[in-house]
Amino acid sequence: QGRIYRAGVFGHRPVVPVEPAALEAAAQRRMSPQAWSYVAGSAGQQHTARANLAAFDRHRIVPRMLVDVEERDTSVELFGRRLPAPLLFAPIGVLEMAHREAERAVAEAARTLGLPMVISTQGSLPMEETAAALGDSPRWYQLYWSRDDDVVDSFVARAEAIGSEAIVVTLDTHVLGWRTRDLDVAYLPFARAEGIAQYTSDPAFRRLVEARAQTPSEEPTPRPTVSAVKALVSMARHYPGDLWTNLRSPLPRAAVETFLDVFSRSSLTWDDLATLRERTSLPIVLKGIQDPRDAALALEHGVDGIVVSNHGGRQVDGAIGSLDALPGVVEEVDGRIPVLFDSGVRSGADAFKALALGARAVLVGRPWVYGLALAGADGARTVMEHLWAELDLTMALSGVSSVDQISRDLLA
Ligand code: FNR
């Protein structure tokens with residue numbers, strides 16, 4: 001944080017606002033209403049989103065004094081790799097909504113910082129392009145378990161081929177949450193096939209699309225309404241793609257319909273995890289665990305890690321704040337596998353609290369998406385850098401010099 005402060009003292013303003021509320025407000029001004037409602041919005045009445053933030057507010061740090069913290073180390077080890085900080089870029093889909101450079105910009109930010117990027121299945125770019133932009137930097141792959149086995153096989157094989165160091169299976173999105181704001185702006189972010197090139201670039205998925213294009217659907221697709229067309233036009237500045245083709249071409253339509261059919265599998269159960277184990281030898285991390293009983297089942301089924309998460313409040317409205325779910329899961333797991341955390345981290349101090357409650361590392365979602373929307377790769381990097389700097393500073397001020405010293409007895 002020394003460099004950031006020195007720059008400030010000499011009058012250099014950061015490329016994005018430092019204060020989380022100001023960052024959010026600036027991003028809202030920049031983004032189209034459709035992109036904003038998709039990124040910032042949560043489920044239903046936004047109860048869970050508020051609960052996530054409120055949980056952080058209820059935990060308070062109690063700093064210790066007169067400890068030598070001159071030398072500090074923010075690094076942690078995860079799955080055999082030492083990371084410079086316990087911070088990851090959470091998997092975020094359809095990033096094209098925020099910035100035309102989408103994953104390419106995020107990969108550049110992640111590479112500059114050396115922090116892992118969790119690549120979303122719902123990516124706007126094929127994962128191979130994202131991987132190229134990541135260079136040697138660590139990457140994990142987030143899997144939405146498709147209804148179609150060939151698509152699952154293909155995604156997992158591609159994830160291995162791009163050097164993913166873990167497969168993160170997101171469990172909480174087997175159906176999409178009740179996204180009130182998205183419904184109100186009448187815009188489904190997946191309505192553009194180009195927005196989900198992760199799928200449209202996939203050979204197994206393309207075969208399904210071609211099969212569908214041969215057999216016209218009996219159910220008529222609703223024609224785009226005037227407001228949907230307006231929405232697409234207003235997003236055109238984020239979407240360099242051919243708007244007209246997108247509205248008319250039968251291929252994107254077949255792709256979108258296929259996507260909606262196969263992106264998830266709500267019949268998935270614990271027993272299916274064995275088939276993933278057969279498909280890959282990479283560490284398997286389950287994202288979306290909130291109940292200690294599910295943590296126990298995860299251990300029983302031999303997974304390698306857990307992310308306590310409620311998807312940033314985007315799935316169940318009225319769910320437990322994610323930070324409130326963390327201690328129970330940590331207690332159940334009892335150090336046998338790493339427990340990671342996300343949903344509601346807005347600052348380095350927040351990250352500190354989650355680490356104090358037993359998380360090995362935290363995933364950050366919306367904050368860097370706002371940075372991306374405002375200033376591309378620079379913006380995403382700066383947001384994570386600020387989080388990292390504040391974490392380091394909070395450690396210093398609380399009297400700890402390494403991440404493993406951030407313990408629960410530093411919280412009230
Ligand atoms: C997400 N999230 C998500 N998770 C996932 O596993 N795959 C995905 O494709 C997406 N896509 C996505 C898009 C957007 C716009 C958001 C805001 C979130 C959830 C994400 O990984 C993470 O769990 C939350 O974002 C964490 O909450 P915060 O940090 O946003 O509060």
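Sites listed here are trypsin sites (Lys or Arg not before Pro) in segment 331-405 whose DSSP assignment is loop and whose Cβ has at most 13 other Cβ atoms within 10 Å: ARG336.
Sequence-ordered 3J(HN,Hα) estimates for segment 27-38 from the Karplus curve with 6.51, -1.76 and 1.60 and θ = phi - 60° stand at 5, 4, 5, 7, 8, 5, x, 5, 5, 4, 5, 5 Hz, glycine and proline given as x.
What whole number of Å gives the distance from the Cα centroid of segment 161-177 to the Cα centroid of segment 82-122? Taking the Cα centre of segment 161-177 as reference, the centre of segment 82-122 is 14 Å away. Distance from the alpha carbon centroid of segment 252-277 to that of segment 358-397 works out to 31 angstrom.
Annotation: amide H-H contacts under 5 Å for LEU78 (H modelled 1.01 Å from N, sequence separation of 5 or more, or interchain): LEU83. Dividing the helix sum by the residues of the chain, where each DSSP H run of 4 or more adds -39500 (n - 2.57), gives a mean residue ellipticity at 222 nm of -14000 deg cm²/dmol. Rounded to whole numbers, the Karplus 3J(HN,Hα) couplings from phi for segment 295-311 are 5, 5, 5, 4, 5, 4, 8, x, 7, 9, x, 9, 10, 6, 6, 10, 6 Hz, using 6.51 cos²θ - 1.76 cosθ + 1.60 with θ = phi - 60°, and x at Gly and Pro. 3J(HN,Hα) along segment 134-146: 7, x, 8, 5, x, 9, 10, 10, 9, 9, 8, 6, 5 Hz, from the Karplus curve 6.51 cos²θ - 1.76 cosθ + 1.60 with θ = phi - 60°, whole Hz, x for Gly and Pro. Placing a pseudo-label 7 Å from each Cα along the Cα-to-Cβ vector at GLN45 and ARG58 gives an inter-label distance of 1.8 nm. Restricted to Cα atoms, segment 291-365 shows a radius of gyration and a Dmax of 11.7, 34 angstrom. Taking R0 as 41 Å, what FRET efficiency do you get between SER407 and VAL18 from their Cβ-Cβ distance, rounded to the nearest 0.05? So, using R0 = 41 Å, E works out to roughly 0.90.
Under 5 Å from the amide H of GLN315 lie the amide H atoms of ALA43, each residue being 5 or more positions distant or on a separate chain, with H modelled from the backbone and absent for Pro and chain starts. Values of log10 I(q)/I(0) for the chain across q = 0.06, 0.08, 0.10, 0.11 Å⁻¹ run -0.23, -0.41, -0.66, -0.80, by the Debye formula with one identical scatterer at each alpha carbon and no solvent. Round to the nearest 10 and give me the degree value, 0 to 90, for the angle of helix 250-262's Cα axis relative to the longest principal axis of the chain. Rounded to the nearest ten degrees, it is 50.
Label positions at ARG147 and ALA296, each projected 7 Å from the Cα along the C-beta direction, are separated by 3.4 nm. Taking the inverse of the mean 1/r over every pair of distinct Cα atoms in segment 1-61 gives a Kirkwood hydrodynamic radius of 14.3 Å. In a shell of Cβ-Cβ distance under 13 Å around ARG181, excluding ARG181 itself, what net charge do Lys and Arg (+1) and Asp and Glu (-1) give? Net local charge, ARG181 excluded: -1. Between ILE61 and ALA412, the built amide H atoms are under 5 Å apart, and every one of these is 5 or more places off in sequence or on another chain. Cα axis of helix 102-113 to longest principal axis of the chain: angle in degrees, 0 to 90, nearest 10? Compared with the principal axis, the helix lies near 20 degrees. Peptides 294-304, 392-402, 54-64, 362-372 ordered by packing proxy, namely the average of other Cβ atoms within 10 Å per residue, highest first: 362-372, 392-402, 294-304, 54-64.
Give, as a single signed number, the net charge of other residues whose beta carbon lies under 14 Å from the beta carbon of ALA43, with Lys and Arg counted +1 and Asp and Glu -1. That works out to 0.
Efficiency by 1/(1 + (r/R0)^6): what FRET value for SER266 and GLU70, r their Cβ-Cβ distance, R0 = 60 Å, to the nearest 0.05? So, using R0 = 60 Å, E works out to roughly 0.70.
Other residues lying with their Cβ under 11 Å from the Cβ of PHE341 contribute a combined charge of +1, Lys and Arg counting +1, Asp and Glu -1. Considering the dipole of the chain built from charges on the beta carbon (Lys and Arg +1, Asp and Glu -1) around the Cα centre, which of ALA161, THR269, LEU355 is farthest to its positive end? About the Cα centre, the residue reaching furthest to the positive side is LEU355. For segment 92-213, the alpha-carbon coordinates run over 38, 32, 25 Å along the three principal axes, in decreasing order. Computed from Cα positions, the angle between helix 203-214 and the longest principal axis of the chain comes to roughly 30 degrees.
The numbers here are math on the coordinates, done by the rules we state, and not lab data. Since the structure is predicted, the reported quantities are computational estimates derived from the model, not experimental observations. Quick reminder, even Gly has a Cβ in these numbers, built from the backbone with ideal geometry, and neighbours come from all protein chains shown.
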